[in-house]
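Taking it in order: structure first as structure tokens, then the write-up.
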Amino acid sequence: QKVKEESVEFLIPSYACQRRTSLDNHNTNFTDALSHLAENAELNNEDGRAVAFRRAAAVLKALPVKVTSITQLRGLPCLGEHSQRVIKDVIENGVSSEVESTIHSERFKALKLLTGIFGVGAKTADRWFKEGIQNLTQLANSGHDLNRAQQAGLEHYYDLNQPVTKAEAEAIGDIVKKAVLDVLPGSEIILTGGFRRGKITGHDVDFLITHPDEGKEVGLVSKVVSWLTARGLLLYQKNTRNSYLESEDGPAQPPSNMDRFERCFSIFKLEKKEIPNRNWRAVRVDLVVSPISQFAFAVLGWTGSKLFERELRRWAGQVKSMSLSSHALYDNKQCKYLRATSEEEIFTHLGLEFIPPSERNA
Ligand code: TTP
Ligand code: MN
Ligand code: MN
Ligand code: MN
């Protein structure tokens, strides 16, 4: 599991949670190609294939040098035959013919466009594509009944497909802080997701909220939503109550990235004086509330990246016989929950070196 470059050897462990992956990617030519194939597999509901491409891309993201020859890949983990073929193609021809024909196919283009609508997943997009719907006009004219999320997604399609900047995330953070502290003084609010990993843009803004007195946080999301709604700051919101019960949901549940926190998937109406005529733009915002006793797990679970999270859960299960979720860590051998009040403690429980958020960009 080593890569050679001018007699320097780098050790690349096989689980993404065992290694550091900064945003400084030296192999975007390969990782873009592999990510396109992963995306295509996700659009085709081929999850196993998608994860294999994601893992291969993540290994290349973690390399401290640019790969220029296939021999440098010898001994690296997670590079299956298919991924190696794609990399070889890119080295020799500058592009992968498979990737090129995939991303220029009518199907890929249409599915990407349709899943770019907030509220539309791969299955819905595929059903529509099979009915001949390939663009937004055809969808609007199709007579399909769209749900509330999809209507909002269509209405704000352009805005929601524009990257959210760090400055916009901070402006929304100020509003969220004001709302939360107004309805429940003493609450803590942190920016999670990609921005916590140091990304300078994102597809949305993720906030995690808690209160030092366990129980005080119950019902907080709906109060915050009322506060925001009263001020005309929300274009769309869907609340979900907390449905987590340790006794039922803990160890018995298969590891999954869907958690059961009280939450709101929303679209903010962010004031932007510089946008002419309108003076605002739409931004996707996720608000999640965690009890303080689960906060460290929630922070770890909501920081991402998605592959890093997936790998943490896989490591926990396969190597440590533990079940990790955004709520808790359960030791299947000792038959007990392992408590933690910080991310560092969770890494220690898992027998992993602590990886800071900025190095979780797998
Ligand atoms: P995202 O907001 O989807 O991704 P991101 O912030 O890493 O990237 P982007 O800049 O494109 O927004 O998800 C953030 C994290 O939240 C991700 O690690 C997965 C986690 N998550 C859950 O734990 N539970 C959920 O139900 C969802 C939707 C996400
Ligand atoms: Mn570097
Ligand atoms: Mn995000
Ligand atoms: Mn999100």
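The values are calculated or read from the model by the stated rules, or taken from the named source; none is laboratory data. Please read these numbers as outputs of a predicted model, since none were measured by experiment. All Cβ positions, glycine included, derive from the backbone under ideal geometry; neighbour counts span all protein chains shown. In case anyone asks, the SASA skips ligands and DNA or RNA and just uses the protein heavy atoms, side chains included. Shrake-Rupley method; radii C 1.70, N 1.55, O 1.52, S 1.80 Å.
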**Item:** Test for S22: is it more than 16 Å from ligand 4 (Cβ to nearest atom) and under 24 Å from L350 (Cβ atoms)
**Value:** yes
Pairs returned, first residue in the stretch 263-278 that is within 16 Å of Y157 (Cα to Cα), second residue that is outside any strand (DSSP E or B) and not hydrophobic (A, V, I, L, M, F, W, C), beta-carbon separation under 7 angstrom, 6 or more apart or interchain, are I267/H156; K269/G232; L270/E168
Checked L191, L235 against criteria (open to solvent by 30 Å² or more (accessible area, probe 1.4 Å), under 19 Å from G153 (Cβ atoms) and away from ligand 2 (no atom under 16 Å from the Cβ)); the one match is L235
If we keep only residues of the stretch 226-246 that are more than 15 Å from K177 (Cβ to Cβ) and part of a helix (DSSP H, G or I), then the residue nearest to the chain's Cα centre (by Cα) is E246
Open item on the list: Kindly evaluate S243 against the criterion of being within 14 Å of ligand 1 (Cβ to nearest atom), among the polar types (S, T, N, Q), over 23 Å from T165 (Cβ atoms) and open to solvent by less than 10 Å² (accessible area, probe 1.4 Å).
Closed with: no
Over the stretch 12-28, the set of residues at pLDDT 95 or above, in a loop (DSSP other than H, G, I, E, B) and either open to solvent by 60 Å² or more (accessible area, probe 1.4 Å) or not basic (K, R) (or both) is P13, S14, Y15, R20, S22, L23, D24, N25, H26, N27
### Task
Kindly establish whether D206 is within 16 Å of ligand 1 (Cβ to nearest atom), assigned to a loop (DSSP other than H, G, I, E, B), buried (at least 19 other Cβ atoms within 10 Å of the Cβ) and on the phi < 0 side of the Ramachandran plot.
no
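Give the stretch 67-102 a look and list any residue that's outside any helix (DSSP H, G or I) and open to solvent by less than 30 Å² (accessible area, probe 1.4 Å), or say none.
V67, L76, P77, L79, S96
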Picked from the stretch 290-330 (must be in contact with a Pro (Cβ under 9 Å, 6 or more places away or on another chain) and among the polar types (S, T, N, Q)), the residue farthest from ligand 1 (Cβ to nearest atom) is S323
Checking T210, T201 in turn, the sole residue that is within 13 Å of ligand 3 (Cβ to nearest atom) and not aliphatic (A, V, I, L, M) turns out to be T201
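Hey, can you tell me all the residues within the stretch 103-122 that are open to solvent by 60 Å² or more (accessible area, probe 1.4 Å), assigned to a helix (DSSP H, G or I) and closer than 16 Å to A38 by Cα?
R107, K109, K112, listed by residue number.
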Result of the Cβ filter at 8 Å on the stretch 313-324, keeping first residues that are at negative phi and buried (at least 20 other Cβ atoms within 10 Å of the Cβ) and partners that are small (G, A, S) and assigned to a helix (DSSP H, G or I), at least 6 apart or interchain, is M322/A316; S323/A316; S323/G317; L324/A316; L324/G317
Would you check if R148 is at pLDDT 95 or above, of a type in the set (K, R) and open to solvent by less than 70 Å² (accessible area, probe 1.4 Å)? no
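Let's see how each residue does on (1) buried (at least 22 other Cβ atoms within 10 Å of the Cβ); (2) at pLDDT 95 or above; (3) not basic (K, R):
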| site | (1), (2), (3) |
| --- | --- |
| Q1 | no, no, yes |
| K4 | no, no, no |
| F10 | no, no, yes |
| F30 | yes, yes, yes |
| S35 | no, yes, yes |
| A41 | no, yes, yes |
